[in-house]
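Below is one structure; the comments refer to it alone.
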């Protein structure tokens, strides 16, 4: 097993220190077992070319010359390739004379006008003058000659170089260079979604070492033209070419498999042009229309304005031009948004361009669904027209667009409104902090609940919460976001109508209002996702920063709570990029932007992709509509979905999911692509990021295996009728549930020796617990309740520990030790004395046993509750939780709670505050607890609902079939399994699947292979990974299981008939056919049926000396059958020219007839190679069939003898009847 410890492709020194054998073994598995390498691939930088069609990829001529495409020689293409190779190999040499100098040609050829091209052939040299009219033709001819100059073919496993004259034979494989129209598989790593692999047609261009694609094709590859590279794979077999053409080609995957929207759509300049062309009142002159109409898909209608006093020519509108690039019979209506397109003509359109953007309900998504491959032509035409129009119109961004306002007064007013808005956000944030701080309530109320604020006069104002420091929490952050959204609308109102930045934002092609606000007016709130080591000053200046450094350094030394609060502070930058930033503002913005841009969970998307693939890559759609696993074809789902429908917000998709598709891999890729997209979203510690939600959702089982469980409690909607009702209710529930132990309120613990004054039977050691008055008020506790709880708690703990703990006397009194405690704790003292049983209580027992037990005693709250947090969640990104305020409570249970009983315990604990909680929206936070509380059905719905909400918050609306399949795959055994090696093992064991080879590929290959060998486990190697590792066909797609049941009768299914009814009827037909072999065809007479059966039997007979089973046709007239067969063979003989070879279908029929020749064995010899039309040696003027054998010999034969001998084997009477009474044979 040394190979599993280190990779054979890398030296042992390259493995980092500390890496385990698990990682090393997986590396060896990937490098040696799974890694498949090929030489037929190229990698180049991609550039944009709008003249390249959407289904094409431009390949440099110098690269295509080195890419080899194998071409199998068959009967249908043999003569074509012989002619092409002979034509190019006939030219021995090519050279050019330019300015009196001979120049040798090299690939690619670039002839110039005036050159003289010399072609050396066997008949002599031929000279051609290069002109403007033939320059392109001779460049192409010379390129092909240089490409085909060195060709090879393989015959009988030998590689042979081609030479003139060429004589390729059937079965040879010609290795030719790449030409226009060849298919290549294009990919831009990493491949994280279904459409990362696209087949495109090759178009050879005179470029240098680059790929060229249409700009609209950037979206599927998630790339651009800033140095991105593409990989192109050249297929090497007919099967791979067919799969590329029928499955992976761009016109076969126009719809995004993730959410049903179009894979291609307008973007960048073309989308901006469409927005400007339709939104504004644009008029085009006749000259402009003539230039643009050359790229339109159909001619324009009559002009909108034919004649006017100030016009010299008619005018067309922009809507008319846009209509000319749409399909002629297109109907698109959205009544709620005032959009109406009828017969390809825009009748009504809004100024907003949301319907032009790429969405499942957008215009171009509908075109892709309704028009299929023709949509590529419409998209290509639209992009050319729109790009040409915006280039002629002109579109550029200047500093005036960022300035927004056209004069200084308006800009000053804009800046003042933004400043007032930021001040309003700060005030709202301050109020939110005061309302949500638990320390505020005890300052306003005494223990009896009566208002008593007289003592506040003695409290310094600087000691009030949030008066010294600016703390940012989720509630105050929400206030900033609300004000920031309002400021974006203010910017839109102040910006001019012709602002190009605003035009791109409204079109959806580039930018956002938030970025425009930061560039032109104010950067706004700045905070970091991680805790900083310094406190941000209220005014960002170098002088203020120097003043704050001293206090920050002092806080680091003291490690005070005040210093911890400073680390989570924030700052507001009122300057913009246009006005400029001072050095400290620039530092704070860079620090905040860099930390908020990338998440701490950046490795999760890759991990999720790998784990989901191991769970779902073997799932496929069976031909009966069910979802099955390739391991034993086990059923995962009985029905995938309703054919022809999807459930993405009610969108109807016209394309059905084909049987055999790897729907498990497609669902995993769709979800993984959404996870990768979440990395682009800014993250913050103040709100839960969508990526973290997704991670928590898939780690439900891992969290269920540990002791801690979390639950979400929503607040009742009735609280909204009171001012700050949600805030007060959240604090009330928190105080009721949150656990308070004695150590939370005790400030000092002292042990005194009492000496002789102690009563008889008690210990001399007395323990004093001094309770802090401020904490006592904060938690609404009384001394009497604390002593009672301590007595009961100590007694129950002693019984559970089952140890000889002494009995205690616990009481509360005024402490007489005035010198040893603070004045405010004088009246709050709890004394504890122990009884002496058999021996005196030692001091060590008090310190090590009794005092720790008492300090951990719960004096208030629920013992099982460890922590209760008040959180805030944005309404638009909320999942199953529904509350108009956004506040909810997150309850964390401790290890004392029994697994699976947490929800019941929490519901029982919340009975006193039942009216404050919305129980319909409250729920456990993982599928395991929901399954234990409500069953697997409720857990499945919770998982799907949260998965849908999370992906939607990322910006991805996924097909419901994908979400359901992920949930079904994880819960197929009746409970949700974890996304780890243990979860896969448990699921496979419960499904009775033995797959140690696949599980070893997931983790710890050495351990799993050894354990499988010890247990004698058997692996049938039925999975996808197994097929890749052992060089087998992948059991999915075209390599999946296919069973054909054919009875010989075509079944016409009714519209609503199920497949089970059809199979049942088929079985009845087969059972009846055993007893009656002469079932007549419908609408045929007995005589016609006899003729048809006899003809079919003859044409399908391939067995030598085969007897025609015509016994069931006795009494029928067989003469029409014989006449039909003779006529067919005669027509084949006369429809070909002399010396022409028969096509495959005709050759097959004639070869079958030859098997009935009287001298069949002598005629066929060692085997039939080909059949052609020739002349008979005995009768030179008549035609006959010429048989070419495999050894190169030839012989003629007569089709009449074949038919005559076939019928003579059955009945000589038929032949005598054909000859007639005169005895003259009709065969001669």
Worksheet item: Remind me, relative contact order of the stretch 172-294 in percent, using alpha carbon pairs under 8 angstrom and six or more residues apart?
Response: 26
Worksheet item: Hey, with R₀ at 30 Å, roughly what FRET efficiency would residue 989 and residue 904 work out to, going by the Cβ-Cβ distance, to 0.05?
Response: 0.50
Item to complete: Report the relative contact order of the stretch 268-395, percent, no decimals, based on alpha-carbon pairs under 8 angstrom and at least 6 residues apart.
Response: 29
Worksheet item: Gain in length, residue 658 to residue 489, computed as 0.36 nm per residue apart minus the alpha-carbon separation, to one decimal in nm?
Response: 56.1 nm
Practice prompt. Please give the peptides 388-399, 132-143, 919-930, 493-504 ranked by average Cβ packing (other Cβ atoms within 10 Å per residue), highest first, as a rough proxy for protection.
Written response: 919-930, 493-504, 132-143, 388-399
Discussion item. At a 10 Å Cβ-Cβ cut-off, how would you order 361, 269, 31, fewest neighbours first?
Written reply: 31, 361, 269
Response to the item:
Cβ density ranking, 10 Å radius, fewest first, applied to 338, 958 yields 338, 958
Practice prompt. Starting from the Cα of residue 370, step 7 Å along the direction of its Cβ; do the same at residue 844; then give the gap between the two resulting points in nm.
Written response: 9.0
Worksheet item: By how many nm would the segment from residue 312 to residue 638 lengthen if fully extended, with 0.36 nm per residue of separation less the alpha-carbon distance?
Response: 110.4 nm
Worksheet entry | Zero-based 10 Å bins, Cα pair distances in the stretch 219-259, whole percents | 22, 40, 34, 4
Worksheet item: Taking neighbour counts of Cβ atoms within 10 Å as a proxy for exposure, in what order, fewest first, do 286, 178 appear?
Response: 286, 178
Fill in: Separation in nanometres of the label points that stand 7 Å from Cα toward Cβ, at residue 291 and residue 247
4.8
Worksheet item: In whole Å, what is the distance between the alpha-carbon centres of the stretch 893-918 and the stretch 480-503?
Response: 47
Practice prompt. Give the distance, in whole Å, between the Cα centre of the stretch 725-748 and the Cα centre of the stretch 994-1033.
Written response: 54
Worksheet item: So, by mean Cβ neighbours within 10 angstrom, what's the order for 863-871, 54-62, 583-591 with the highest one leading?
Response: 54-62, 863-871, 583-591
Worksheet item: What FRET efficiency would be calculated for the residue pair residue 110, residue 337, taking the C-beta separation as r and a Förster radius of 41 Å, to the nearest 0.05?
Response: 0.15
Practice prompt. Find how much the distance from residue 397 to residue 1175 grows on full extension, using 0.36 nm per residue of separation minus their present alpha carbon separation; answer in nm with one decimal.
Written response: 272.1 nm
Worksheet item: At what distance in nm do the modelled label points of residue 623 and residue 543 sit from each other, each positioned 7 Å from its Cα along Cα→Cβ?
Response: 8.5
Worksheet item: So what is the orientation-averaged projected area of the stretch 604-643, using the convex hull of its C-alpha atoms, in nm²?
Response: 3.4
Fill in: Cα-based shape type of the stretch 889-938, given that a ≥ b ≥ c are square roots of the gyration tensor eigenvalues and the cut on a/c is 1.5
oblate
Discussion item. Could you tell me the calculated FRET efficiency between residue 281 and residue 152, based on Cβ-Cβ distance and R0 = 51 angstrom, to the nearest 0.05?
Written reply: 0.20
Worksheet item: Can you give me the Cα centroid spacing of the stretch 257-304 and the stretch 218-248 in angstrom?
Response: 29
Discussion item. I'd like the Kirkwood hydrodynamic radius of the stretch 268-395, using the inverse of the mean 1/r over distinct C-alpha pairs, in Å.
Written reply: 15.0
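Throughout, read-outs are computed from the coordinates displayed, never taken from laboratory work. These figures come from a predicted structure and were not determined experimentally. Backbone-built Cβ (ideal geometry, glycine too); neighbour counts: all protein chains shown.
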